[in-house]
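*Asks:* I have a structure I would like to understand better, so I am pasting it below and will then ask my questions one at a time.
The values are calculated or read from the model by the stated rules, or taken from the named source; none is laboratory data. Here the structure is a predicted model, which is why all the values come from computation and not from measurement. Using ideal geometry, Cβ is built from the backbone for each residue, glycine included, and neighbour counts are taken over all protein chains shown. Side chains are part of the model used for accessible areas, which takes the heavy atoms of the whole protein and leaves out ligands, DNA and RNA. Shrake-Rupley method; radii C 1.70, N 1.55, O 1.52, S 1.80 Å.
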There are 2 protein chains.
Amino acid sequence: MPQSPIRKLVPFAEAAKNKGITVYHLNIGQPDIETPKPVLDAVRNSHFKVLEYSHSAGNESYRKKLVAYYDRVNIHLTTEEIIVTTGASEAILFGFLSCFDSGDEIIIPEPFYANYHAFAVATGIKVVPVTSGIETGFALPPIEEIEKKITPRTKAILICNPNNPTGYVYTESEMQQLREVILKYDLYLFSDEAYREFCYEGKHFSAMYLKGVEDNVILIDSISKRYSACGGRIGAFITKNKTVLDTIMKFAQARLSPPGFAQIAGEAAAELPESYFDITKAEYKKRRNLIVKRLNEMNGVECANPSGAFYVMAKLPIDDCDIFCKWLLKDFNYNGQTVMLAPATGFYETKGLGKQEVRLAYVLNCDAINAAMDCLDKALEEYPGRV
Amino acid sequence: MPQSPIRKLVPFAEAAKNKGITVYHLNIGQPDIETPKPVLDAVRNSHFKVLEYSHSAGNESYRKKLVAYYDRVNIHLTTEEIIVTTGASEAILFGFLSCFDSGDEIIIPEPFYANYHAFAVATGIKVVPVTSGIETGFALPPIEEIEKKITPRTKAILICNPNNPTGYVYTESEMQQLREVILKYDLYLFSDEAYREFCYEGKHFSAMYLKGVEDNVILIDSISKRYSACGGRIGAFITKNKTVLDTIMKFAQARLSPPGFAQIAGEAAAELPESYFDITKAEYKKRRNLIVKRLNEMNGVECANPSGAFYVMAKLPIDDCDIFCKWLLKDFNYNGQTVMLAPATGFYETKGLGKQEVRLAYVLNCDAINAAMDCLDKALEEYPGRV
């Protein structure tokens with residue numbers, strides 16, 4: 001089991017804080033946005049007397065609200081097609097356990113969310129990366145490149161859309177290309193859409209919109225980012241494929257039920273008006289515009305303009321992002337402040353890639369982002385490994 | 001992946017209820033005991049504004065309270081030796097993923113909690129059962145029988161103490177015998193102690209009390225039964241073994257954090273006075289005395305007197321418990337009422353065992369238990385497969 005590439009820097013951040021240094025956390029997707037009050041209030045005003053197991057697939061009342069939520073984003077489901085999970089993490093784990101045998105292969109465009117690799121290791125499946133690059137803004141690699149990687153052991157393609165760590169939003173045309181491939185080779189398409197609402201240019205095209213491949217598509221979802229409710233640990237495994245649902249339910253039953261309190265929160269969240277996203281999206285868009293502008297103003301920094309999620313990948317004039325990110329915490333401060341970033345090497349399966357890249361999560365307000373960018377700008381001037 | 005042996009009867013229970021029949025649920029360990037008010041109030045009176053990820057090992061404030069709780073039961077730990085998990089289920093899953101390679105073997109006295117089997121299947125490890133019998137009250141099988149099952153692939157022994165499904169509480173002498181074996185063969189001892197407080201005669205002897213095997217012992221724990229907080233999904237993985245802790249932490253980090261709200265509940269629960277258990281224990285003891293008396297009064301029924309947890313295994317004068325339990329729901333009612341039981345076959349790894357046994361969970365109040373026993377008594381008279 002590999003160690004989390006981001007979490008291994010945590011002791012250095014703690015040491016910096018113990019020295020009195022302010023650390024701006026752009027390293028993880030923990031937003032500072034307040035969890036909507038009605039969502040927290042639903043739990044705080046609850047009246048039950050016994051904190052019982054819920055249904056293993058999640059409370060039916062919650063799944064009904066989810067059906068209505070998905071209807072609003074043009075994904076049409078029944079309550080039986082939704083299995084509520086303990087975060088998207090558990091949905092991925094159950095999906096890997098259910099759809100693969102040990103040694104099977106999953107194709108994932110890299111850079112990708114590091115924990116996909118962790119769950120693949122835990123379940124004995126092999127990740128086959130297809131590289132996307134900063135020069136295309138991390139668009140889907142040419143479909144021929146993906147097709148070339150298909151072997152008799154390939155069972156699935158996984159995408160995260162909008163993408164963590166790149167912020168890229170897959171176009172309808174890219175999604176249709178993926179549809180052709182999964183149809184031709186009868187593969188599963190795992191689509192992690194935890195950031196669905198956070199698209200700043202144009203509309204999101206869900207994998208659930210693809211026609212004629214309904215039994216191939218698996219939707220991984222989560223309320224963590226959507227409603228700034230990361231600590232609730234509520235996600236969902238969604239598919240139209242009855243056989244897969246039956247298998248997932250066995251895993252769901254073995255772990256009894258998803259968290260109880262947070263399902264109440266999730267139920268209230270599913271009822272929030274659209275205007276909630278308007279406000280949150282406007283805030284994130286403002287932050288994205290700021291961080292991208294600040295990054296591009298720095299000497300030698302290259303940065304795509306991501307149109308979704310709340311991440312941006314930047315290429316820095318440095319020798320090695322792992323060394324640089326550690327140096328930021330251990331050996332650098334600017335007026336008693338520094339910034340914590342995620343080294344991009346942890347998001348690439350191919351060894352040696354991403355050495356000059358970092359991921360920045362714009363989860364802090366604009367003042368904090370400005371202060372963090374001041375630190376980064378200064379740090380790049382001072383860093384001994386600048387190239 | 002096997003289907004849960006208990007859950008597969010659920011559709012028949014639902015059909016019975018739709019016909020207007022009252023179903024007494026003695027089939028699952030979902031107590032009717034109210035969750036302590038201070039535990040629920042801690043969540044309801046919380047004031048945070050962002051439902052953030054907690055530490056992957058659980059909030060430090062909660063782990064500190066757990067250290068104090070364990071001190072009171074003479075288990076002495078540091079916060080670093082406790083990893084808060086999403087129920088005991090996740091602790092078992094992480095333990096199996098961390099301590100075994102695919103194909104390794106774990107010895108478990110049978111009958112045992114069915115989900116151990118499910119997690120073993122999910123992680124590719126082989127369960128080797130050693131049979132305990134109703135004639136000894138499901139005491140630990142002779143240690144020579146356990147030793148005989150050890151092969152080069154054996155990595156661990158797992159016990160549940162007090163035991164689900166048998167209610168048996170392992171004696172200090174049995175625990176010391178286990179100590180000798182794990183020491184001699186350098187095995188892990190997984191000890192699931194979710195029912196620790198529910199011992200009705202004598203004291204609980206924790207696996208953590210064993211001397212000189214500190215690196216071998218793994219404690220699996222949960223607040224679900226202890227505080228009637230099953231839906232919270234808060235458990236713990238506990239060991240003194242630093243290497244195992246390091247590996248478990250990687251899995252813990254991959255799934256980010258345990259549920260947030262329920263950690264607040266757990267923190268309040270860890271502070272409850274001892275008197276909470278006095279009251280709860282007295283209630284369960286009363287129920288146990290009643291159900292055991294009622295069972296033993298039935299013609300042809302054999303029943304041990306379990307000294308812990310809230311389960312009892314009974315041998316019934318029937319041909320097949322799976323058929324009988326389904327018949328109870330499908331074809332029987334007594335004044336519009338029936339009872340749902342867990343067929344014991346699901347708790348035995350050895351095929352063919354447990355066919356005349358059922359598990360009854362005394363999680364309902366004495367009136368409900370009496371009504372359920374009236375149903376069972378009548379059902380045993382009427383059942384066509386009576387032997």
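*Asks:* Leaving out ligands, DNA and RNA but keeping every protein chain, what accessible area does residue A:223 have, in Å² rounded to the nearest 10, with a 1.4 Å probe?
*Replies:* Answer for residue A:223: close to 10 Å² accessible.
*Asks:* Okay, moving on. Would you calculate the convex hull of the Cα atoms in the protein assembly as shown and tell me its volume per residue in Å³? Working shown, then result.
*Replies:* Numbers: hull volume 123.7 nm³, N = 774.
Spread over its residues, the Cα hull of the protein assembly as shown gives 160 Å³ apiece.
*Asks:* Run through the other copies and list how far each one's label point is from that of residue B:352, in nm with one decimal, shortest first; the point sits 7 Å from Cα along Cα-Cβ.
*Replies:* The projected label point of residue B:352 is separated from its counterparts by 6.0 nm.
*Asks:* Along the charge dipole of the range B:37-77, which of B:73, B:38, B:61 sits closest to the positive end, that is, farthest toward it, with unit charges on the beta carbon of Lys, Arg, Asp and Glu (+1, +1, -1, -1)?
*Replies:* The Cα lying farthest towards the positive end belongs to B:38.
*Asks:* Distance from the Cα centre of the range B:251-319 to that of the range A:250-271, in angstrom?
*Replies:* The range B:251-319 and the range A:250-271 have Cα centres spaced 23 Å from each other.
*Asks:* With everything on Cα atoms, drop me the angle between helix B:275-297 and the longest principal axis of chain B, reported from 0 to 90° to the nearest 10.
*Replies:* 30
*Asks:* Sticking with this structure for a sec: Can you tell me what share of the DSSP beta bridges in the range A:122-256 is antiparallel? A percent to the nearest 5 is fine.
*Replies:* On the way: 5 of 14 bridges.
So the antiparallel bridges in the range A:122-256 amount to around 35 percent.
*Asks:* Just check the range B:94-156 against the gyration tensor rule for me: Cα atoms, a ≥ b ≥ c as the square roots of the eigenvalues, rounded for a/c under 1.5, and otherwise prolate or oblate depending on whether a/b exceeds b/c. The partial results should precede the final answer.
*Replies:* Values: a/c = 3.01, a/b = 1.56, b/c = 1.92.
Oblate.
*Asks:* Which value at 222 nm does chain A reach when only helices count, each DSSP H run of 4 or more adding -39,500 (n - 2.57), with the total divided by all residues and rounded to the nearest 500 deg cm²/dmol?
*Replies:* -12000 deg cm²/dmol
*Asks:* Next question. Helix B:321-330 sits at what angle to the longest principal axis of chain B, using alpha carbons and giving 0 to 90 degrees rounded to 10?
*Replies:* That works out to roughly 70 degrees.
*Asks:* Rounded to two decimal places and with Rh computed the Kirkwood way over Cα pairs, what is Rg over Rh for chain B?
*Replies:* Ratio value, two decimals: 0.96.
*Asks:* With unit charges on the beta carbons (Lys and Arg positive, Asp and Glu negative) and the dipole taken about the Cα centre of the range B:270-337, which residue among B:321, B:308, B:275 sits farthest to the positive side?
*Replies:* The listed residue farthest towards the positive side: B:275.
*Asks:* Measure up B:149/B:203; B:184/B:240; A:330/A:378 against 21 Å on the Cα-Cα distance and list the ones that go over.
*Replies:* Over 21 Å apart, Cα to Cα: B:149/B:203.
*Asks:* Next question. Could you let me know the centre-to-centre spacing of the range A:8-40 and the range B:332-387, using Cα atoms, in angstrom?
*Replies:* 53
*Asks:* If we restrict to alpha carbons, what Rg and Dmax does the range A:15-77 come to, in Å?
*Replies:* Both quantities, over Cα of the range A:15-77: 19.0, 53 Å.
*Asks:* Here's a follow-up. Once you order the gyration tensor axes a ≥ b ≥ c over the Cα atoms, which shape class does the range A:120-261 get: rounded for a/c under 1.5, otherwise prolate or oblate by comparing a/b with b/c?
*Replies:* Oblate shape, in that a/c is at least 1.5 and b/c is the bigger or equal ratio.
*Asks:* Moving on to the next point. Largest first and in whole Å, what are the equivalent-ellipsoid semi-axes of the range A:231-347 based on the Cα gyration tensor, each being the root of 5 times an eigenvalue?
*Replies:* 38, 21, 16
*Asks:* Another question, then. Taking a 26 Å limit on the Cα-Cα distance, which of the listed pairs A:351/B:250; A:126/B:250; B:126/B:211 fall beyond it?
*Replies:* Listed pairs above 26 Å: B:126/B:211.
*Asks:* Something else now. Students sometimes get this wrong: rank A:78, B:338 by accessible area, probe 1.4 Å, all chains present, largest first.
*Replies:* Sorted descending by solvent-accessible area, the residues read A:78, B:338.
*Asks:* Distances from residue A:80 to the same position in the other copies: list them in nm, one decimal, shortest first, using label points 7 Å from Cα along Cα→Cβ.
*Replies:* Distances to the matching label points in the other copies: 5.2 nm.
*Asks:* Please report, in debye to the nearest 20, how large the charge dipole of chain A is about its Cα centre when each Lys and Arg carries +1 at its beta carbon and each Asp and Glu carries -1 there.
*Replies:* Using only the charged Cβ atoms, the result is roughly 640 debye.
*Asks:* Another question, if that's okay. Given an 8 Å cut-off on Cα distances and at least 6 residues of separation, report the relative contact order of chain B as a percent.
*Replies:* Value for chain B: 25 percent.
*Asks:* As an exercise, use a Förster radius of 41 Å and the Cβ-Cβ distance of residue A:320 and residue A:143 to find the FRET efficiency, rounded to the nearest 0.05.
*Replies:* Here the calculated transfer efficiency is 0.80.
*Asks:* I would also like to ask the following. Which whole-number percent gives the relative contact order of the range B:173-229, counting Cα pairs below 8 Å spaced six or more residues apart?
*Replies:* 43
*Asks:* What's the angle, to the nearest 10 degrees (0 to 90), between helix B:60-72's Cα axis and the longest principal axis of chain B?
*Replies:* 70
*Asks:* Share of antiparallel DSSP beta bridges in chain A, in percent to the nearest 5?
*Replies:* Antiparallel: roughly 50 percent of the beta bridges in chain A.
*Asks:* For chain B, set up a Gaussian network in which alpha carbons nearer than 10 Å are linked by springs, and say which option among B:68, B:361, B:342 fluctuates the most.
*Replies:* Result for chain B, Cα springs under 10 Å: B:68 fluctuates most.
*Asks:* Let's see if you can work this out: charge +1 on each Lys and Arg Cβ, -1 on each Asp and Glu Cβ, no other charges. What is the dipole magnitude of the protein assembly as shown about its Cα centre, in debye to the nearest 20?
*Replies:* Charge dipole of the protein assembly as shown: 560 debye, to the nearest 20.
*Asks:* Quick check for me: using +1 on Lys/Arg Cβ and -1 on Asp/Glu Cβ, what's the dipole size of the range B:232-359 about its Cα centre, in debye to the nearest 20?
*Replies:* Around 160 debye, computed over the range B:232-359.
*Asks:* What is the range B:208-261 by shape, rounded, prolate or oblate, if you read a ≥ b ≥ c off the alpha carbon gyration tensor as root eigenvalues and call it rounded for a/c under 1.5, prolate for a/b larger than b/c, and oblate otherwise?
*Replies:* It comes out oblate by the Cα gyration axes.
*Asks:* Further question: Given the Cα atoms of the range A:144-204, and with Rh set as the inverse mean 1/r over their pairs in the Kirkwood sense, what is Rg to Rh to two decimals?
*Replies:* My calculation puts Rg/Rh at 1.00.
*Asks:* Still on this structure: Measuring from a point 7 Å out along Cα→Cβ, what nm distances, shortest first, does residue A:45 have to its partners in the other copies?
*Replies:* 2.0
*Asks:* Shifting gears a bit: Using Cα centres only, tell me the gap between the range A:87-153 and the range B:91-155 in whole Å.
*Replies:* A separation of 33 Å, based on Cα centres.
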